[in-house]
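Student: Sending over a structure as structure tokens; questions will come in a sec.
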């Protein structure tokens, strides 16, 4: 049940980030949401941070691509080519996930007696 809860939370955060990116033209706001949500998810669910970070960071690229092909309307103009620059959203997503996961693993107590 915990795995299902984890992936539901990750996909809900990814959907929220995609929705936010499609409804605002402020990139720092979207990147801030990505960083905060991924760090929180990394704290709560420390296993597989690379996969969860990828799923949280990729909606920015997907929305930019959909805007480029005029499948989604956004408050900013579409790019002239495929928006490869939007993959930058993976940096705060993966960074936040690994940070949250590392903090969670640091909280574990180590028995010095062995």
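Computed from the coordinates by the stated procedures, all read-outs in this text should not be read as laboratory data. Here the structure is a predicted model, which means the values were calculated and not measured. No Cβ is skipped: glycine too gets one built from the backbone with ideal geometry, and neighbour counts run over all protein chains shown.
Student: Of the conditions (1) within 16 Å of the chain's Cα centre (by Cα); (2) under 24 Å from residue 3 (Cβ atoms); (3) assigned to a helix (DSSP H, G or I), residue 102 clears all except one; give me its number.
Tutor: (1)
Student: A further question on this structure: So which residues in the stretch 8-24 are more than 14 Å from residue 61 (Cα to Cα) and over 12 Å from the mean Cα position of the chain (by Cα), if there are any at all?
Tutor: 8, 23, 24
Student: Just one of 11, 43, 55, 94 is touching a helix residue (DSSP H, G or I) at 6+ places or on another chain (Cβ under 6 Å), surrounded by fewer than 18 Cβ atoms within 10 Å (Cβ to Cβ) and under 30 Å from residue 105 (Cβ atoms); which is it?
Tutor: 43
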